[in-house]
Amino acid sequence: MINNCLLCHNARCTEACGVIDPARIIRSLYFDDEAVVINELRGQSPCKDCEGRCEKACPVSVNIKDIISSLKTEEAEKKEIDYECLKTDFCGIPLENPFLLSSSVIASTYDMCARAFEAGWAGAAFKTVCLMDIVEASPRFSAIKGDNERIIGFKNIEQLSDHTLIENIEIFRKLKENYPDKFLLVSIMGRNDEEWAYLTDVMNNSGADALELNFSCPNMMEGNTGSDVGQIPELVEHYSAVVKRHTRLPFIAKLTPNITDIRESADAAIRGGADGVAAINTIKSLIEVDIDPTDGIYSASIGGYSGKAVKPIALRFTAELSQDKNLEGKHISSMGGIETWKDALEFIVLGADSVQVTTAVMQYGYRIIDDLKDGLALYLKEHGFDSVKQIENSTIKGIIPTDELDRSYIIYPKFLREKCVGCQRCYISCMDGGHQAICIVNDRPVLDAAKCVGCHLCVLVCPQNAIVSSEIKVPKKK
């Protein structure tokens with residue numbers, strides 16, 4: 001039922017309760033922060049003997065009482081969350097936590113960045129500053145949604161900042177004046193040597209703490225810009241060198257995923273003088289194919305693809321970058337599908353020094369920083385880490401190539417009879433997409449271990465979560 005929660009602003013459930021903040025609790029559970037909620041409610045039973053005012057106020061009838069009551073809040077020592085452990089740095093510049101807004105619409109005005117800073121974000125990569133006339137299309141967003149209407153993949157044709165250079169400089173100076181301890185990363189993009197040099201010179205006295213060179217936007221109409229540059233290592237090196245000659249600030253290169261080997265462009269940026277890299281920008285894709293034949297025209301437009309669906313791809317790029325010897329000691333700022341603290345942690349253990357978020361903020365708002373900080377800080381506390389920097393690169397050696405996987409055993413699925421409702425989705429999938437290892441007895445699925453190869457397709461397709469991994473390794477018969 002948590003997935004049915006609308007994550008309301010000024011939620012009626014909290015207004016009706018008056019004892020706890022059920023909206024905050026449900027949101028924390030929504031973003032994989034169950035441990036945080038249990039820690040906060042340790043020893044309490046706030047919903048016991050409650051008349052359920054929160055549920056009566058809920059517009060979609062989420063079973064709030066049942067959800068909160070089901071949490072194991074038994075007596076135990078409460079762990080105090082200390083945000084000091086989240087402190088890190090960006091090319092030597094202090095960060096209060098590793099969470100940054102990415103260069104996008106979510107960091108495109110003074111008011112937006114100010115509200116994000118007030119919410120607890122460590123900093124922002126401001127939407128790319130350029131000398132081009134930017135006129136955005138309308139509409140320019142689209143999405144692929146799951147069964148519960150959560151966005152899986154997000155598609156956009158958003159371009160760069162449509163403010164003038166002077167307007168942007170005024171924003172930067174005001175942000176730095178009012179939020180001196182927040183980190184301001186300014187993204188820039190030029191069309192030639194002169195523009196890259198000019199923008200760099202101007203940014204030296206703008207209030208920016210560091211620069212991010214946009215070599216990766218897939219939505220540019222002009223040639224020799226965005227991902228057109230990022231796909232050519234020679235241009236990445238050349239423009240990085242131009243910036244290096246003119247800047248007094250640290251700078252990183254934001255790389256495109258629309259390339260065979262991202263390390264070639266990363267190495268080129270470092271040769272040009274960059275202090276690190278950021279990856280990934282959105283993946284070039286087609287948006288909204290028009291299949292209506294009535295006008296005799298089929299059409300589609302190129303755009304960038306982001307969101308939860310791209311996270312495995314982004315993780316792969318982060319792993320490759322962190323293993324690149326030429327990037328040792330250089331900053332890696334990672335992004336791509338980060339919604340929860342667990343998502344962020346995956347990037348950090350693979351070598352990310354900071355993480356940037358876009359699509360999740362567009363869906364849920366700046367408020368998710370609470371869930372990101374609380375979840376990561378509690379994780380560090382529970383596992384004995386004093387600092388987030390201690391977990392960077394901690395598991396990079398654990399990445400196993402496909403040809404080195406242990407193939408000597410099978411892990412069979414386990415059927416939870418009490419959860420099964422007899423939909424037989426597992427049977428269909430195993431019959432038509434697996435190994436015909438499930439049969440139906442009395443309208444319920446039964447595993448044929450002699451045929452099962454342990455692929456776990458049934459685990460993935462069960463809509464009731466009634467099939468899980470047994471976690472028992474059974475040696476294969478020779």
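The values are calculated or read from the model by the stated rules, or taken from the named source; none is laboratory data. Keep in mind that what you see is a predicted model, and the values were worked out from it rather than measured. Note that we place each Cβ from the backbone using ideal geometry, even for glycine, and neighbour counts take in every protein chain shown.
Restricting attention to the range 415-456, and to residues there that are of a type in the set (S, T, N, Q) and surrounded by 13 or more Cβ atoms within 10 Å (Cβ to Cβ), which single residue is nearest to the chain's Cα centre (by Cα)? Here the residue is SER429. Kindly evaluate SER161 against the criterion of being at pLDDT below 85, assigned to a loop (DSSP other than H, G, I, E, B) and of a type outside the set (Asp, Glu). Spelling it out, SER161 is indeed at pLDDT below 85, assigned to a loop (DSSP other than H, G, I, E, B) and of a type outside the set (Asp, Glu). Considering only residues of the range 19-38 that are over 29 Å from GLN464 (Cβ atoms) and in contact (Cβ under 8 Å) with a residue 24 or more places away in the chain, which is surrounded by the most Cβ atoms within 10 Å (Cβ to Cβ)? Among residues in the range 19-38 that are over 29 Å from GLN464 (Cβ atoms) and in contact (Cβ under 8 Å) with a residue 24 or more places away in the chain, the one surrounded by the most Cβ atoms within 10 Å (Cβ to Cβ) is ILE20. When VAL242 is tested against (1) assigned to a loop (DSSP other than H, G, I, E, B); (2) within 23 Å of MET132 (Cα to Cα); (3) in contact (Cβ under 8 Å) with a residue 40 or more places away in the chain, exactly one condition is not met: (1). Scan the range 173-203 for residues that are surrounded by fewer than 22 Cβ atoms within 10 Å (Cβ to Cβ), under 22 Å from GLY226 (Cβ atoms) and not β-branched (Val, Ile, Thr) and the total you get is 8.
Scanning the range 381-389 for any residue that is among the polar types (S, T, N, Q) and in contact with a Cys (Cβ under 9 Å, 6 or more places away or on another chain) turns up at least one such residue. Determine if the range 409-416 includes at least one residue that is touching a Cys at 6+ places or on another chain (Cβ under 9 Å), within 29 Å of LEU315 (Cα to Cα), part of a strand (DSSP E or B) and of a type in the set (Phe, Trp, Tyr). Yes, the range 409-416 contains at least one residue that is touching a Cys at 6+ places or on another chain (Cβ under 9 Å), within 29 Å of LEU315 (Cα to Cα), part of a strand (DSSP E or B) and of a type in the set (Phe, Trp, Tyr).
Note on the range 251-278: residues that are within 23 Å of ASN205 (Cβ to Cβ) and surrounded by 18 or more Cβ atoms within 10 Å (Cβ to Cβ) amount to 8. Applying the condition of being among the small types (Gly, Ala, Ser) and within 19 Å of LYS373 (Cα to Cα) to the range 12-56 and asking which residue is farthest from the chain's Cα centre (by Cα) yields ALA23.
LYS311 meets each of the listed conditions (1) over 18 Å from LEU372 (Cβ atoms); (2) of a type in the set (Lys, Arg); (3) within 13 Å of the chain's Cα centre (by Cα) apart from (1).
Could you please find all residues in the range 207-237 being touching a Gly at 6+ places or on another chain (Cβ under 7 Å) and in a helix (DSSP H, G or I)? Listed by number, the residues that qualify are VAL236, GLU237.
Whether a residue is at pLDDT below 85, farther than 30 Å from GLU195 by Cα and surrounded by fewer than 18 Cβ atoms within 10 Å (Cβ to Cβ) was assessed, and GLU136 does not pass this test. For the range 301-348, the set of residues classified as closer than 24 Å to GLU96 by Cβ and surrounded by fewer than 18 Cβ atoms within 10 Å (Cβ to Cβ) consists of GLY329, LYS342, listed by residue number. Residues of the range 115-155 that are in contact (Cβ under 8 Å) with a residue 60 or more places away in the chain and part of a helix (DSSP H, G or I): ARG115, ALA116, PHE117, ALA119. Give me the residue from the range 96-118 that is crowded, with 22+ Cβ neighbours inside 10 Å and among the aliphatic types (A, V, I, L, M) and, out of that set, farthest from TYR179 (Cα to Cα). Across the range 96-118, the extreme among qualifying residues is ILE106.
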